[in-house]
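The values are calculated or read from the model by the stated rules, or taken from the named source; none is laboratory data. Nothing here was measured: the structure is a model prediction, and the numbers come from that model. All Cβ positions, glycine included, derive from the backbone under ideal geometry; neighbour counts span all protein chains shown. All accessible areas refer to the heavy atoms of the entire protein, side chains included, with ligands and DNA or RNA removed. Shrake-Rupley method; radii C 1.70, N 1.55, O 1.52, S 1.80 Å.
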Amino acid sequence: MIYLDNAATTKPSKAAVDAMIKAAECFGNPSSLHGLGIEAEKLINESKKNIADMLGVESKNILFTSGGTEANNLAVFGVAAARHKIGTKIVTSKIEHPSVLEAFRKLEIDGFNVEYLDVDSEGRVDLDMLRNVLDDETILISVMHVNNETGVIQPIEEIREIMLEKAPYAHLHTDCVQSFGKIDVKPKKMGADLVTISSHKIHGFKGTGALYVADTRMIRPILFGGEQQGEIRPGTENVGGILAFGAAAAECDTDQSKLIHLRNTMKEKLQEIPNIKINGSDEYNSGSVLNVSFIGIKAEILLHSLEAHKIYVSTGSACSSHKPQPSHVLTAMGLDKKEINGALRISFDRLTEEADVIKAAEIIAKEVATIRRFM
């Protein structure tokens, strides 16, 4: 098997599996006052510290959630609820993950003034448009750090500078699900007030995420019915998922060089195939994703032909793969219908081997040639 769909999810590491087993053995409720509960709480705090240290923040600023989607929702709805008396303008980009875009669309229905930022042909946010839409009524800007379909890195620090100048009452949220554990993510350096991360993108388990919040007074809860996590995110903690998250975080390597090398290797091999197009910026890229259009073929057909060789890739965001409409990310970048329909997402990870990348590229070339003969 050659697994190249790491942007969708990663294989749980041995350390994460061992942590999950440990949680099953120490099964106490972390809110219980007896020894078993206290031990579970202690293990959660150790995992929280691993994650906080990686972000360069204090443990008290980490809130565990059921995943990236809930963390994004908590950030967006939480800030809107806390700041709506100050203003009702909120800003995001057209290429966000659905868990952000759909939250903004709901707030738009509820009466908020939403601005959706354009991106250029390489998938980078239009900073001039950002300057033009910001004002004293703006309370939230949410722009992802690394795009899940293209791997393109957004200029979060520059966005922060513009926000401080044009929208002094706003908070900055960035979805770092695709960057955390792959490249260096430091909220304070970025100037982000809220940061979303997820366990299953870094070899933890699905069902656990976290939100960094610089100050919990920035947000209001969206769930109610418990005193856990300062009542901002109530509910009995997922001890196993959190321990696995912490174990996975402790193993992460944020040196981009290997990812960039793997992406460049795949790109160079695929560029030998005629009539293809590489989508997204090469200069501003995490190295974790290569998005390429094979003009004249349907990417879904190529995906399944590769699956027959036990090579696993994607046609886009896993959260949107069952929807018939074209990629909103590639559409916003200005790709035409043929380019979008033929787009494949190949995503790499620190465990990906160069030999597998080369072998996969060779098989992709053969399958593309075969498919084109019959189309």
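A few comments on the model shown:
- Note on region 178-219: residues that are assigned to a strand (DSSP E or B) and closer than 22 Å to E231 by Cα amount to 10.
- In the set (1) within 24 Å of L330 (Cα to Cα); (2) open to solvent by less than 10 Å² (accessible area, probe 1.4 Å), the condition left unmet by V177 is number (2).
- Close pairs (9 angstrom Cβ cut-off, 6 or more residues apart or separate chains): free of Cβ contacts under 8 Å to residues at least 24 places away in the same chain in region 289-307, part of a helix (DSSP H, G or I) anywhere: E300/N341
- Number of positions in region 232-281 that are part of a loop (DSSP other than H, G, I, E, B) and open to solvent by 60 Å² or more (accessible area, probe 1.4 Å): 8
- Sole exception among (1) touching a residue at least 24 places away in the same chain (Cβ under 8 Å); (2) open to solvent by 30 Å² or more (accessible area, probe 1.4 Å); (3) within 25 Å of C252 (Cα to Cα); (4) out of contact with any Asp or Glu (no Cβ under 6 Å at 6 or more places or on another chain) for Y312, by number: (4)
- Every residue from region 82-117 that is part of a loop (DSSP other than H, G, I, E, B), within 14 Å of N147 (Cβ to Cβ) and open to solvent by 20 Å² or more (accessible area, probe 1.4 Å): K94, H97
- Complete set of residues in region 303-349 that are small (G, A, S), at pLDDT 95 or above and outside any loop (DSSP other than H, G, I, E, B): S305, S314, A332, A343, S347
- Residue within region 4-26 that is without any contact (Cβ under 8 Å) to a residue 60 or more places away in the chain, of a type in the set (G, A, S) and out of contact with any Lys or Arg (no Cβ under 8 Å at 6 or more places or on another chain) present: no
- For region 199-219, filtering for residues that are closer than 16 Å to A75 by Cβ and of a type in the set (K, R) leaves 1.
- Residues in region 206-228 that are among the hydrophobic types (A, V, I, L, M, F, W, C) and surrounded by fewer than 24 Cβ atoms within 10 Å (Cβ to Cβ): A214, M218, I222, L223, F224.
- Taken over region 350-375, residues that are modelled with pLDDT under 95, out of contact with any Asp or Glu (no Cβ under 7 Å at 6 or more places or on another chain) and under 23 Å from K182 (Cβ atoms) amount to 1.
- Filtering region 32-65 to residues that are open to solvent by 30 Å² or more (accessible area, probe 1.4 Å), within 21 Å of R217 (Cα to Cα) and in contact with a strand residue (DSSP E or B) (Cβ under 8 Å, 6 or more places away or on another chain) leaves only K48.
- A Cβ distance below 6 Å, combined with a sequence gap of six or more or placement on separate chains, defines the contacts here; from region 133-145, residues that are buried (at least 21 other Cβ atoms within 10 Å of the Cβ) reach residues that are among the basic types (K, R) in the pairs L134/K166; T138/K89; I139/R83.
- Exclusive hit being open to solvent by 80 Å² or more (accessible area, probe 1.4 Å) and either outside any strand (DSSP E or B) or under 28 Å from V125 (Cα atoms) (or both), set E300, E367: E300
- Per-region count, region 343-368, residues closer than 24 Å to N147 by Cα and aliphatic (A, V, I, L, M): 8
- Some residue of region 159-177 being in contact with a His (Cβ under 6 Å, 6 or more places away or on another chain), aliphatic (A, V, I, L, M) and part of a helix (DSSP H, G or I): no
- Unique residue being more than 18 Å from the chain's Cα centre (by Cα), more than 30 Å from N279 (Cα to Cα), modelled with pLDDT of 95 or more and of a type in the set (S, T, Y) when the list is S31, S59, S121, S66: S59
- Number of the exception - I153 against (1) in contact with a Phe, Trp or Tyr (Cβ under 9 Å, 6 or more places away or on another chain); (2) open to solvent by less than 10 Å² (accessible area, probe 1.4 Å); (3) touching a residue at least 60 places away in the same chain (Cβ under 8 Å): (2)
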